[in-house]
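Read through the structure below, which is laid out as structure tokens, and then see the notes.
The values are calculated or read from the model by the stated rules, or taken from the named source; none is laboratory data. Here the structure is a predicted model, which means the values were calculated and not measured. Virtual Cβ from ideal backbone geometry, glycine too; neighbours counted across all protein chains shown.
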Amino acid sequence: MRLPRLFLMPLALVALAACHNDGVSVNERPPLGGVRFINAVPDGGPVDIRMIDQVEWSASSVNSNSYGLAFRSGTIYWPTEAKVRHVRVFPTDSSLAVTSTALLDTMITVEANKNVTLMLVGSRATGKVGFVKFDDSVTPPADQVAVRLVNATSAAASGFVTSDTTSALGTATFGTVAPLSASAYVTRATGKFFMQATPAGTTTPASRSIAPTGAPADGLIGVTAGYNGPGSAMSAFLFPRSVAGTAAPQTAAFQTSGVVFFVDYIPAPPH
């Protein structure tokens, strides 16, 4: 027997009510932290980094480069569910046999309401790579900028924040930064500056780089991070040179150590 449609409608409403009473819920945003990946392995090519425990709210190495995360490159801060996360690192390659072999399989704890950098370090040649975790929590004064030195090399380094690269270096802004560690942040007035890195205790720069320009807020446009962006913060990463004869970049720029700036904090835009 065929039942009329009007007879079936109340049954459907009852079914919906039953589902509601059974506890149908809407997914809520979980506690989140920010996770950024940076590749500091000097003897390897690009890598793919994935959190494999879930799809939603998971950081990865995805960026504008479709060929993986290259040496001296980094990602944005990905909103990531705060808990213990399962992370794997794979080589980027066109061969499935290569990409299916993990370089690293590890667990990382992500804390809520905190930005962190996971810097991949080690050696592909030895098969030993791992993450160094940095706490990127910083809120600079509204009228200044903050900067720190992150030493991704295997030797202690000093850092000099200077307004030019022609004057003699005086007292180091960051006296001795141990290998694979980060200095504290320092704040300074807005205006152009360079990070000049030297072997610890010396005043002969081995590497230098100018900070991003940045810009102050303009109407409804928020601050752009950089030396002209009040309230912003940056990290200057001192990377080692690439290792000759490996898949790491072998262009002239990578034949010596190098300083690369990454943005850590941008003030919220005006409402």
Among the listed residues Ser66, Ser60, which satisfies the condition of being surrounded by fewer than 22 Cβ atoms within 10 Å (Cβ to Cβ), out of contact with any Pro (no Cβ under 9 Å at 6 or more places or on another chain) and at pLDDT below 95? Ser66
Those residues of the range 93-110 which are surrounded by 14 or more Cβ atoms within 10 Å (Cβ to Cβ) and charged (D, E, K, R) amount to Asp93
Taking Ala184 as the residue in question, decide whether it is assigned to a loop (DSSP other than H, G, I, E, B) and either free of Cβ contacts under 8 Å to residues at least 24 places away in the same chain or over 14 Å from Val259 (Cα atoms) (or both). yes
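Residues to consider are Ala172, Ala168; find the one that is under 14 Å from Thr204 (Cα atoms), crowded, with 21+ Cβ neighbours inside 10 Å and outside the structural domain of Pro42 (by TED's automatic domain parsing). Please lay out each step first, then the result.
Numbers: Ala168 fails: crowded, with 21+ Cβ neighbours inside 10 Å.
Residue meeting the stated conditions: Ala172.
Specify which of the listed residues (Ala178, Ala215) is among the aliphatic types (A, V, I, L, M) and exposed (fewer than 13 other Cβ atoms within 10 Å of the Cβ).
On the way: Ala215 fails: exposed (fewer than 13 other Cβ atoms within 10 Å of the Cβ).
Result: Ala178 is the single residue among Ala178, Ala215 that is among the aliphatic types (A, V, I, L, M) and exposed (fewer than 13 other Cβ atoms within 10 Å of the Cβ).
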Per-region count, the range 107-151, residues over 30 Å from Val161 (Cα atoms), of a type outside the set (A, V, I, L, M, F, W, C) and touching a Gly at 6+ places or on another chain (Cβ under 7 Å): 3
Tally, over the range 91-111, of residues that are modelled with pLDDT under 95 and either assigned to a strand (DSSP E or B) or farther than 20 Å from Ala247 by Cβ (or both): 1
Can you tell me which residue within the range 30-49, out of those that are touching a Leu at 6+ places or on another chain (Cβ under 9 Å) and not in a strand (DSSP E or B), is surrounded by the fewest Cβ atoms within 10 Å (Cβ to Cβ)? Pro46
Going by what's in this entry, would Gly229 be described as modelled with pLDDT under 95 and not assigned by TED's automatic domain parsing to the domain that holds Ile76? no
Members of the range 212-224 that are in a loop (DSSP other than H, G, I, E, B), closer than 14 Å to Ile266 by Cβ and among the hydrophobic types (A, V, I, L, M, F, W, C): Ala217, Val223
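Can you tell me which residue among Ala247, Ala197 is in contact (Cβ under 8 Å) with a residue 24 or more places away in the chain and out of contact with any strand residue (DSSP E or B) (no Cβ under 7 Å at 6 or more places or on another chain)? Explain how you work it out, then say what you get.
On the way: Ala197 fails: out of contact with any strand residue (DSSP E or B) (no Cβ under 7 Å at 6 or more places or on another chain).
The match here is Ala247.
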Within the range 132-148, does at least one residue satisfy the condition of being of a type outside the set (S, T, N, Q), under 24 Å from Gln250 (Cβ atoms) and not in a loop (DSSP other than H, G, I, E, B)? no
Please work out which residue is nearest to the chain's Cα centre (by Cα), limiting yourself to the range 231-271 and to residues that are buried (at least 23 other Cβ atoms within 10 Å of the Cβ), part of a loop (DSSP other than H, G, I, E, B) and of a type in the set (S, T, N, Q). Ser232
Might you let me know whether the range 128-138 holds any residue that is without any contact (Cβ under 8 Å) to a residue 24 or more places away in the chain and either among the basic types (Lys, Arg) or surrounded by 16 or more Cβ atoms within 10 Å (Cβ to Cβ) (or both)? yes
